[in-house]
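Here is the structure we will look at, set down as structure tokens.
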Amino acid sequence: MVQKSIEPARPASLARTLFGFSAPVNRRTYVLAGISLGIAKLVLDYGAVALLSPGTWSLAAYLTPGRAVLELGGQGASPALPWVLLSILLPFTWAGASLTLRRAVNAGLAPAFGLLFFVPFLGYLFMLLLAVLEPRRQPRERGEKRLDLGERRSVFALLFSLLVAVPMVGLGTLALESYGFGLFVGTPFVMGMVSGFVHNAERPKRVTATLAHAWLAVALAGAVLLGIALEGVVCLMMAAPLGFILSGLGALLGRSLAQTGQYAVRSIALLTFALPVSAWMETGAPEGELRMVLSTIEIDAPPERVWPAVLAFPPLDAPAEWYFKAGVAYPTSATLSGEGVGAVRRCRFSTGDFVEPITHFEPPVRLAFDVTEQPAPMLELSPYADLHLPHLDSALESRRGEFRLVPLPGGRTRLEGRTWYALKMSPVFYWGWQSDLLIGAIHRRVLEHIRAQL
């Protein structure tokens, strides 16, 4: 009788075990779930790479997955591959983090130790440790008391979130000039966790109310950063989607910690103080991955006529695109001093000049150049007249570019423009597609202007 009555609940129980935060996880469950999820993810990753890339996936890729995906892109992988791998990664990451956090509690550790799951290299070692640690029961009455903030809990939640966001952004942008996971991933996640925990400290609130409160904290933090000149409107808009998603996930975790009561305050404090350490460790990161953007256009003229317009072109009309009007730098004209290799091309932008010494001069086929000087990539929208933050100089660096003129039947030309640049902001999968789109828009503005001259 008992077995029949619980049989229909098994699928829901499995989902709660893998993705929830309330069902306990013992050592046996953790090992079996870890092995099963690991095998499933391996199969999906290998399958996705086999279908969408000429390259191969390997176990070593899990040590530096971002670099592995970029290398596959350089081998001609489909542009959809990073997004397919990301869609596979997200549910497995949620399940892995949830299982690890609850197994840490089962082993007598503070829940914050479960967040070691996200730390490269160390996370794998910690999971192996959890696979062998014996469970340890902690009496609930010996746990920490819940916070009692009364009706002011919402205000306190917002305040605590700001105390996380503002110092971290100031430290990352002004002191360390580090634009990595600690700033763009860790900070909104911890903000949401603090908000979710404090908001639910007295009694549990609905999930929708918890999420709304965390997102309000993110919006308020953005307004404060804008008001104290730590960020501009454009950068805040670009970072907003990632911030809202991560703060929402953090809020759900904070809500769960508030309900358990055990080790909650020290867990929040441990992770919060780990943020500046994470940002400091990222200051020694590599110089950024080199990316390439290609744009093409067809012109009703032979390469011999197109070539002079590539070397230098008259001023362009004012842009109509909203992102250029919002402050993203755009080209206005180009000049060439000298001729052949060693000549210097200057491409004038709305924020200053790109200085481009010519490295290949093959009329009317190819013009290639290095970039030795570049202006700021944007003028930030801000209440302040001249807001110039460090990331405007270092986060995106153009390295070189080229034009290729390919003759087509009927006296026509395919004009190709390429830009190679280094992106020094993480996560690359998030910032890379935005920077690629903006550079592609700059290419189109120049290529269409060249076509209009002929």
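The values are calculated or read from the model by the stated rules, or taken from the named source; none is laboratory data. Note that this is a predicted model, so its numbers are computed, not measured. No Cβ is skipped: glycine too gets one built from the backbone with ideal geometry, and neighbour counts run over all protein chains shown.
Residue 126 satisfies every condition listed in (1) modelled with pLDDT under 75; (2) farther than 25 Å from residue 203 by Cα except (1). For region 303-348, residues that are out of contact with any Leu (no Cβ under 7 Å at 6 or more places or on another chain) and β-branched (Val, Ile, Thr) total 3.
Residue-level check: of (1) outside any helix (DSSP H, G or I); (2) without any contact (Cβ under 8 Å) to a residue 24 or more places away in the chain, residue 212 misses just (1).
Scanning region 225-283 for residues that are within 17 Å of residue 101 (Cβ to Cβ), aromatic (Phe, Trp, Tyr) and modelled with pLDDT of 75 or more yields nothing.
Among the residues of region 310-329, are any in a helix (DSSP H, G or I) and more than 24 Å from residue 434 (Cβ to Cβ)?
Taking region 310-329 first, the residues in a helix (DSSP H, G or I) are 310-311, 322-325.
Retained after the next criterion (residues that are more than 24 Å from residue 434 (Cβ to Cβ)): 310-311.
Yes.
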